[in-house]
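> My questions will all concern the structure given below.
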Amino acid sequence: MPAKLSPSRHLRISRSKAGLGLFARVAIKKGQFIVRYSGRKIRSDAADELDTRYMFEVNARWTIDGSNRRNRARYINHSCRPNAEAYFVKHMIKIRAIKNIKPGDEITYHYGRDYFDSFIKAVGCKCRACAKKRAEIRSQRSRRRAKSARRAKSARFKSAR
């Protein structure tokens, strides 16, 4: 499927759980091009010295510095269950949908194991999939506590007879 450029009016930057995020204003089909990750191309050894999180490594030699605010792709947040992926065309980084994306959905992709371990793991992942998992764990704990409290109450009632 040929990559089709999506006009910038089809995307909006807005608040999300993880900060600012990139959202779809129109439906995006699976495999469709979403946005290009743009910025200046610098050597990877020079990129290691810069203090920014918007670096996207193209290969061992080159890195894209996406810290410029005109780079709309920098607003795409991490997700453990993403709806988009990055792919390379020569030294350009493009983002395409790996699932159908509905209008209003946040566009996310997996940042990679190295970035996840370095920056996200320490503070905890804020993606929707992980938040849902944490909510399920909390509800299971509260059900267990309530069940044990009922058992303790019935045991006290039986011993009082």
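> Looking only at Arg53, Arg141, Arg150, which one moves most when the chain is put into a Gaussian network model with springs between Cα atoms under 10 Å?
Arg150
> Relative contact order for the range 49-161: what percent, with Cα pairs under 8 Å and sequence separation of 6 or more?
Averaging sequence separation for qualifying contacts and normalising by length gives 19 percent for the range 49-161.
> Follow-up. Among all cysteines in the chain, which have no other cysteine Cβ under 4.7 Å from their own Cβ?
Taking the Cβ cut-off of 4.7 Å, the unpaired cysteines of the chain are Cys80, Cys127.
> Positive end of the dipole of the chain, charges at C-beta (+1 Lys, Arg; -1 Asp, Glu), about the Cα centre: which of Ser38, Gly112, Ser142 has its Cα farthest in that direction?
The listed residue farthest towards the positive side: Ser142.
> Among Gly19, Asn71, Ala152, whose Cα projects farthest towards the positive end of the dipole of the chain, with charges put on the beta-carbon of Lys, Arg (+1) and Asp, Glu (-1)?
The Cα lying farthest towards the positive end belongs to Ala152.
> A further question on this structure: Taking only C-alpha pairs under 8 Å that are 6+ residues apart, what is the relative contact order of the range 7-57 in percent?
About 21 percent, as a whole number.
> Also, I was wondering about something else. Charges at C-beta only: +1 for Lys and Arg, -1 for Asp and Glu. How large is the resulting dipole of the chain about its Cα centre, in Debye rounded to 20?
1740
> Lysines near Lys17 by alpha-carbon distance under 19 Å, same-chain residues fewer than 8 away left out - which ones?
Output for Lys17: Lys102, Lys121, Lys126, Lys132, Lys133.
> Pick out which of Leu50, Leu11, Leu20 has the largest mean-square fluctuation in a Gaussian network model of the chain, springs linking Cα atoms closer than 10 Å.
Leu50
> From the gyration tensor of the Cα coordinates in the chain, what semi-axes in whole Å does the equivalent ellipsoid have, largest first, with each one equal to sqrt(5λ)?
43, 20, 12
> Work out, step by step, the length gained on full extension between Glu49 and Lys132: first 0.36 nm times the residue separation, then minus their alpha carbon distance; give nm to one decimal.
Stretched fully, the Glu49-Lys132 segment lengthens by 26.2 nm.
> Which shape class, rounded, prolate or oblate, goes with the range 59-141 when its Cα gyration tensor gives a ≥ b ≥ c as root eigenvalues, a/c under 1.5 marks rounded, and past that a/b bigger than b/c marks prolate?
Judged from the Cα gyration tensor, the range 59-141 comes out prolate (a/c at least 1.5, a/b above b/c).
The numbers here are math on the coordinates, done by the rules we state, and not lab data. Here the structure is a predicted model, which means the values were calculated and not measured. All Cβ positions, glycine included, derive from the backbone under ideal geometry; neighbour counts span all protein chains shown.
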